[in-house]
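Written out below as structure tokens is the structure these notes cover.
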Amino acid sequence: MSSAPAPRISSPFAHAPETREHGRAREARAAGRPQRLEALRNDLLAAPYTLCTQKAELLTEYFRDHVPADPLVGALAPLHFALTRRGLARSLASGAPQPLWQLRASRALQALYARRLDAAAGEPAVLHHARALAHILERAPLRIYEHELVVGNPSSQRIGAPIHPDLGGILMLPELERLATRAVNPIASTEEQRRRLAEEIFPFWFPRSIQSRVAVLAPDAGLANALLRGDRFVLTQFAGISHVTPDYPAVLERGFEGILEQVETARRTASTREQAAFFDAAAIAARAAIAFGARWSEHCAQAATRQIVPQRAAELRRLAGVFAQVPARPARSFYEAVQSTLLTHVIVHQESFQHGVSFGRIDRYLQPHYERDLAEGRVTREEAIEILGSFLGKAAELLPLFNEMATEYFSGLSSASGITLGGIDEEGRDATNEVSLLVLEAYDHMRLRQPNLHARLHAGSAPGFVRLAHDVVKRGGGMPAFFSDEAVVPAIENLGIATRHARDYAIVGCVEWGVPRRSFPAAGACFLSLPAALVRALHGGATADAAPVSFDSMEALVAALRREIEALVAEAAAGNDAIERAHARWRPTPLLSLLVDGCIASGRDVTEGGARYDSTGMQGVGLADVADSLAAIERLVFDEKRTGVAALIAAADADFANDAALQRRLEERLPRYGCDAGPAEAWAKRVAQIYCDAVREHRNPRAGPYAPGFWTMTTHVGFGRRLGALPSGRRAGRPLSDGVSPSNGADHRGPTASLLAAAHAQGPLTGNGLCLNEKIEPWFVEGEAGTALLADLTRGYFRAGGMQVQYNIVDPAVLLDAKAHPERHRDLVVRISGYSAYFNDLTEEMKDDIITRTLHGGAGPIRPVDGRACG
Amino acid sequence: MTQDDGAIVFDVQRFSVHDGPGIRTIVFFKGCALACAWCQNPEAIRAAPEIYYDDERCLAGCARCIDRCRDGALGDRRPKRVDFARCTACGACVDDCPAGALRIVGRTWSARELLTEVLRDRPFYASSGGGITLSGGEPVLHAEFLTRWLPLVKREGLHVVLETCGAYPFALLEPLLEWVDLVFFDVKAADAERHRTLTGKTNDQITQTLALLLRRGAAVEVRMPVVPGRNDDAENVAQTAKMLGRMGVGRVTLLPYNHLWEAKLPRLGTQQRPLGIRPPPGGHYEELVRAFAGHGIAAST
Ligand code: SF4
Ligand code: SF4
């Protein structure tokens, strides 16, 4: 950047529509927002959500034209597809299981396609996919939007939801026609897009996609039905693995040219054909990335010649110069570093699906560039904030694409690109720096739902950073979330990761702690309903239709619960193993492999275990519900002897229809997890331990551990809808608790109690992250004293061993107004489990869940007499 | 457990941020020496445990508590289910109430138990410079208990604030002072007769206690609960300012009025009656601050 003041762009939105701003705080912020960022923000808020089929089209084009097919598959697959298509629509709509014989027959056919297509293809899949990526990068249209300082198109749309027919895109097929009109998260598409998907693209990928091929490898032919029921576990990696923090710093240091050199050197030592193929593919991918940068350079230069506003033309010329250098070669300036990072991010997304691809510790890797430029007068603080704001806006351009069922489990449209700020370095020193603050300030201006901002704190964190981070979050939006280095680093070490590398952790996607650059953590792979396991334990290992069984001690019940949890984990792991093996065999990601340390050294793709560290994340959902249920059974049955286990379960199975008083007693009079009275927290800890032990028993096909986590996205709503009442008093169909948060209403002793309750349940085995939602009323944190208070809460919780917390600080009246008048609150951002979303993008059920979640806050000067028992 | 071992406490409230520095836990002791007409905690005044009935929580169609009461204090007349005059606070009905509509306010806590409870939020005291606040009721009436309990609290290094009305002989308070870091001392009215009307007692003893407390050099913050129309007139402001000035007190904290306590009255067998006072007009407290300033006292809200 020149040292001249940043150009002032006149914006058609200079005066934001009245309806967009609510509350004095937001107006004040808008007033200080640089005009360029104001304009960008308004454009992004106004942009429609649109389906992106660019990758789908180009990928299909490449495979159809360049990968030899097989005539038999060509004859059989279309018929098979037509049959399956109807079955799929039926089952997705009704959740009805498909007959097992059908699934078996389908599997046999898919196995046949796989064999014949593999044979026909001649070359390994990794080479085809590398060339396909090059094909995409050569042809993807390039678009520069007004006001942007940082350019690149994660999708073909301003706000785009790319579909991936090679992965799990086919699940959208039954809903394509109503995609634009569905009640929740409508996504615009053209008739031509839909026609090509339905008639050309999906039929082509039907015998080739991961969705289809998993069945070939899954030990259980009924896996599809289990997933369709969605009551016990959800496996996500049909849709892709992603969830990784690529080595963007390597691109800044060496450029793709440097990386290519590494590949070529390693190629000389390849000892197997597979390795040689991988290196060849990796080299193709690196060259494609280099060429893509050159295309951008030319594109910007041409755009500059057409640009009539001299100021903007100069900016575009400057961008042309930037792309002449990056990402091919090392970044020489702050601006080049930011742009190189973003373009690499874009490139990764032309190969991988849009979920959890994270930026890592950008304050660390941008800092040297910023400091040098600042010292040499090439950038000012204000310019840096504009560049970063423009960069953050880019990360908000991607949407995940979910079908209606998946929307229940993953409401909020987050593709969860994480940015991690602050924290210690490899030697344990504070790594917080000026760029950490700049990113927070840039975010404060943008306040979009993405990227996902995470702040690492430790005892020696710079006080200014702690203050600013809390000041930013207290004005709503739920970002940044906070992570405790003291607690998280040991949990990562526990996965077998060296201390130096564990200290360098960054958040992958929502809350998953992973090692950036060196690991392939597959962090969002599985979600398991712990209450579903409890219900089976209470019915002798059968579903809730069976008669409840009795237990003569809590220990006997816990033993049964342990067996059910172990069985659930084993079933989910077996299903996920099949998915991961399918990726390794048929959908390698050579470009991503360039950006994960270990792959070049080992000559293996990330999907095949090439990364230095490997793991797979498996989340336990509904911890508080199980803890509350066990505490209730212990108290009512074994302590007070008011009733028997079977009688209590029978009442719950009937949804307390005949025993309203019992349901009230359960809700009102029993110690629940979150009020820090002891019993329920002890159960939470015990159940968490049982779950973690069960998960750690398993290893994934990449020879890495399964890593337990406790975060939910909105699977707690989806699982809850498919579960009967619980002994905790939770009614049938109601959402489960999210993350390690208490159930709604159970945390009525205020935030210190619920924070400590949650801290109690956590432990060093939680290798894949957890999520604690704290809702705080805005008046509580007003002013500087309020900011300090919030920081004190975070620090106190971390002192007690807490690992993560995120705050939802929003006036309940605003939420209610937003539910009634969505049009007035387009920019209202709220925190979900582990990510932020526009309130308007949530399902109605999720909106209610957010509203009813306990409102914390002091009692004020009046101490209400609280009728609820807490111990 | 006998009462000698413990004290009757009616609540332990965590995460309080308005009763002393940092994040605090407030211990509400039961029993008070005064009976202020606006008492925010009407359930605090009597020393003994008492019944509390919240009709809004009571389950329609439920009557399980009625037979439990051997004193005939419970009937099926809603909302007046409880005949407070007959209730002996035996607690027999409470356990079976599924809704938490019936409860006994106040129970005896042992020194150990109370210590464990206030230590729970210790990580937050440490992060915020907080601690515990003794409130009530009048904590000093539990001086015997406190002389045993506060040393345990101080051994754990907790910061202690005492909220007190001062209506007792100073000798009761004096031995506690070595364990108390800060005293919040409430003054309500300067004129003795007005004080009697408002609180049931004159303020002679209170002013004496305050004077002695100040002489001891204790850290004291004088506070005045503002009761619109009762003690916020120019006369009382002038008299209070003069009284404080005489004692060398230069500052007073005004506690804004809140009427939410009135909602509790029907749930308790109390003599306290609603005052019907509504929040004063905007700017009222700023005016009071100016009025105090006119008499040389720095008031703040
Ligand atoms: S506390 Fe005892 S006396 Fe009072 S209403 Fe209940 S049972 Fe009757
Ligand atoms: S037991 Fe409780 S809920 Fe039932 S009638 Fe009595 S007060 Fe009401």
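Here, each number is a calculation from the coordinates, and none is a lab measurement. What you are looking at is a predicted structure, and each value in this text was computed from that prediction instead of being measured. Neighbour counts run over all protein chains shown; Cβ positions are idealised from the backbone, glycine included.
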Legend entry - About the Cα centre, charge dipole magnitude for region A:53-200 (Lys/Arg +1, Asp/Glu -1 at Cβ), debye: 600 debye
Inset, instruction - Calculate one ³J(HN,Hα) per residue across region A:306-321 by plugging θ = phi - 60° into the Karplus curve 6.51 cos²θ - 1.76 cosθ + 1.60, and present them in order as whole Hz with x for glycine and proline. - result: 8, 6, 8, 7, x, 4, 5, 4, 5, 4, 5, 4, 5, 4, 4, x
Legend entry - Across B:K201/B:K242; A:K775/B:K188; A:K775/B:K264; A:K394/A:K685; A:K685/A:K847, pairs whose alpha-carbon gap is larger than 31 Å: A:K775/B:K188; A:K394/A:K685
Legend entry - Positive-end residue of A:A522, A:G258, B:T240, charge dipole of the protein assembly as shown with Cβ unit charges: A:A522
Legend entry - Relative contact order, percent, chain A [alpha-carbon distance under 8 Å, six or more residues apart]: 15 percent
Legend entry - Which of A:A481, A:L538, A:N700, positive extreme of dipole for chain A (C-beta unit charges): A:N700
Inset, instruction - Please work out the C-alpha center-to-center distance from region A:599-624 to region A:520-594 and express it in whole Å. - result: 18 Å
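Work out the mean other chain Cβ neighbour count within 10 Å for the residues of A:672-684 and drop it here as an integer.
So the per-residue partner count for this stretch is 1.
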Inset, instruction - Could you list A:E571, B:E287 in order of exposure, starting from the residue whose Cβ has the fewest other Cβ atoms within 10 Å? - result: B:E287, A:E571
Inset, instruction - Classify region B:148-192 as rounded, prolate or oblate from the Cα gyration tensor: take a ≥ b ≥ c as the square roots of its eigenvalues, call it rounded if a/c is under 1.5, otherwise prolate when a/b beats b/c and oblate if not. - result: prolate
Legend entry - For residues of B:111-123, the mean tally of beta carbons on other chains within 10 Å: 3
Legend entry - ³J(HN,Hα) computed for each position of region A:67-78 - Karplus, 6.51 cos²θ - 1.76 cosθ + 1.60, integer Hz, glycine/proline x: 10, x, 9, 10, x, 5, 4, x, 7, 7, 4, x
Inset, instruction - Enumerate by residue number the trypsin sites (Lys or Arg not before Pro) in region A:371-457 meeting two conditions: DSSP loop (anything except H, G, I, E, B), and at most 11 other Cβ atoms within 10 Å of the site's Cβ. - result: A:R429
Inset, instruction - Calculate the dipole size of chain A relative to its Cα centre from +1 charges on Lys and Arg beta carbons and -1 charges on Asp and Glu beta carbons; express the result in debye to the nearest 20. - result: 900 debye
Legend entry - Extreme residue, positive dipole direction of the protein assembly as shown, given options A:T643, A:T84, B:F28 (C-beta unit charges): A:T84
Legend entry - Calculated [θ] (222 nm, deg cm²/dmol) that DSSP helices of n ≥ 4 give over chain A, each run adding -39,500 (n - 2.57): -15500 deg cm²/dmol
Inset, instruction - Please figure out what share of the DSSP beta bridges in chain B is antiparallel and state it in percent, rounded to the nearest 5. - result: 40 percent
Inset, instruction - For region B:50-105, give the magnitude of the charge dipole about the Cα centre (Cβ charges: +1 Lys/Arg, -1 Asp/Glu; no others), in debye to the nearest 20. - result: 120 debye
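Got the relative contact order for region B:50-105 handy, in percent, Cα pairs under 8 Å and 6 or more residues apart?
On the way: 75 pairs, mean separation 28.4, N = 56.
About 51 percent, as a whole number.
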